[in-house]
Amino acid sequence: MTPTRCLLLCLATTALGAQAAPETLRATSERFRAEAFRTHTAYTDLAWLCDHIGHRLSGSAHLDQAILWAQERLKAAGLVNVHAEPVMVPHWVRGPESADLILPAPHHLHILGLGGSVGTPEGGLTADVAVVGSFDELDKLGEAVKGKIVLFDVPFKGYGHTVIYRHDGASRAAKLGAVAALVRSVGPISLDTPHTGAMDYDPAYPKIPTACVTIEASTQMRRMQQRGERIQMKLEMGAKTLPDAPSANVVGEVRGTETPEEVVIISGHLDSWDVGQGAQDDGAGTVIAIEAARLIQSLGLKPRRTLRVVLWTNEENGLRGGKAYRDAHRSEFKNIIAALETDSGSERVKGFHLELAKASSDAKAAALASLKGLEAAMKPFNVTLSLGHSGADVSPMVAEGVPGIGVEHAGTHYFDVHHTHADTFDKVEKDDLAYNAAALATFAYALAQSDVRFQ
Ligand SMILES: [Zn+2]
């Protein structure tokens, strides 16, 4: 049977085995959905993770607790080979931080240091602020920013477009002699909520402290500058990078019955920033990956291929989990059918996007046709199946030819709370998590039952 034909017609064996009437993937999917909505296990798991452990930055005791918790949940879901694969991760700590305008009027600002930033000298630094709207504007000012704090007041035009200022802003400003860099938070709206995130230094220039300010504060300083007012700020940051710390990816499996060496990976990342609860980023991805595997187990299904849950460490500030997994599992690559990652929040699943980094355009077209073979099974979820981007944690494997699949979620409010104190459990809709877990279980199970190979 061709792979596509298999996916359309493939039969799932029920818990009763050969004596029971076979059912279509569509019927199996309905049972996933019924079980997910009956128990709402993903929702109660996420509540526990958020309320009892909270945010989970690499190197923190909270992340260590989450790694233990995730293994317990995978075991409780009936998975086998549950274990932690050790990884050394960066250990950045924020320390105390504050920012206060001195001129033109005293004003306390809410800031968050950016992950990886150095701190200020003891006692903080006081300097004038120069506001720019782009790297071009900065370069036009040139050495006029020497000794100043540069603020990048760049409106949000999509995450990928705007995040470059958070990531590169400090070194671009340091190159011209600035003593610190601030960036307008990378997000569409604000309730005076700064959005942290990773930055990186260019080793060619001095490392200067860098933090995000709220949209409110950023636009206020822009107005002050436009009125010709002198802006002076005191900035104090205790951020520092400690030696690398031990951490781990968490792994568990539903072993395949016919070709167990062939593996479908479903994944999310366990770590988060050190603010809020990491509910959307990526507690939601974590709990639906666990729940998708539990749904398959709870229905007594025995997939032909192995289904492997991987919960990554250190997505946010280093990708060490994804890199270590690549290095440790290279010999398996030809048998990793696909590595799925869900890391875009808790809203409803909208699409599954296949990334083939090393394939020819002909091979991509053939792979897309195979992917489209899942359409019948996925029809109740109304998702798009296309070529596209997979995910950060799987990207080291994908770069070496492993098929990656990015699970896209509706992002109506994702970037409103992303990397903020407001990324908390109360923003998550109970039914969305159940729906997403059923969709992920259906997709992963269909692949595990099929003969499809994308590479
Ligand atoms: Zn994430």
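Some points to look at:
- Given their separation in residues at 0.36 nm each and the Cα-Cα distance between them, Trp48 and Val80 gain 9.3 nm when the chain is fully extended.
- Spin-label proximity, Val93 to the range 45-85 - amide N less than 19 Å from point 7 Å beyond Cα toward beta carbon: 54-66
- Residue-count net charge about Ser117 - beta-carbon cut-off 12 Å; Lys, Arg +1, Asp, Glu -1: +2
- Packing around the peptides 297-309, 253-265, taken as the average count of other Cβ atoms within 10 Å per residue, puts them in this order, highest first: 297-309, 253-265.
- Karplus-derived 3J(HN,Hα), 6.51/-1.76/1.60, for each residue of the range 258-265, Hz, glycine and proline x: 10, 10, x, 6, 8, 10, 10, 9
- Note on Thr219 and Glu122: the model spin-label points, each 7 Å out from Cα along the C-beta direction, lie 4.1 nm apart.
- Ellipticity at 222 nm from helices only: DSSP H runs of n ≥ 4 in the chain, each -39500 (n - 2.57), divided by the residue count, give -10000 deg cm²/dmol.
- Angle in degrees between helix 159-174 and the longest Cα principal axis of the chain, rounded to the nearest 10: 40 degrees
- For peptides 443-452, 154-163, 87-96, sequence by mean Cβ density within 10 Å, most packed first: 443-452, 87-96, 154-163
- Computed from phi, the 3J(HN,Hα) profile of the range 199-213 under the Karplus parametrisation 6.51, -1.76, 1.60 (θ = phi - 60°) reads 10, 9, 9, 7, x, 6, 10, x, 7, 10, x, 8, 8, 9, 10 Hz, with x in place of Gly and Pro.
- Order by protection proxy (mean Cβ within 10 Å, highest first), peptides 340-353, 382-395: 340-353, 382-395
- Given their separation in residues at 0.36 nm each and the Cα-Cα distance between them, Asn382 and Glu30 gain 125.3 nm when the chain is fully extended.
- Local charge for Gly54 was computed over the other residues whose Cβ lies under 12 Å away, with Lys and Arg +1 and Asp and Glu -1, and equals -2.
- The H on the amide N of Val82, modeled in the peptide plane, is under 5 Å from the matching H of Glu253, each at least 5 residues off or on a different chain.
- Backbone geometry of the range 70-84 corresponds, through the Karplus equation with coefficients 6.51, -1.76 and 1.60 at θ = phi - 60°, to 3J(HN,Hα) couplings of 4, 5, 4, 5, 5, 5, 5, 7, x, 6, 10, 6, 6, 7, 10 Hz, x marking Gly and Pro.
- Cα gyration tensor shape of the chain, rounded if a/c is under 1.5, else prolate or oblate by comparing a/b with b/c: prolate
- FRET E, pair Lys240, Ala369, Förster distance 56 Å, beta-carbon r, rounded to 0.05: 0.60
- Neighbour-limited loop hits for GluC sites (Glu not before Pro), the range 95-201 (at most 15 other Cβ within 10 Å; DSSP other than H, G, I, E, B): Glu122
- Degrees between helix 25-39 axis and first principal axis of the chain (Cα, 0 to 90, nearest 10): 60 degrees
- The C-alpha atoms of the chain define a longest principal axis, and helix 284-298 lies at about 10 degrees to it.
- Value of relative contact order over the chain, rounded to a whole percent, pairs C-alpha under 8 Å and six or more apart: 23 percent
A short reminder: the numbers here are calculations on the coordinates, not readings from a lab. Everything quoted here is computed from the prediction, not taken from an experiment. Methodologically, a virtual Cβ is constructed for each residue, glycine included, from the backbone with ideal geometry; neighbour enumeration extends over all protein chains shown.
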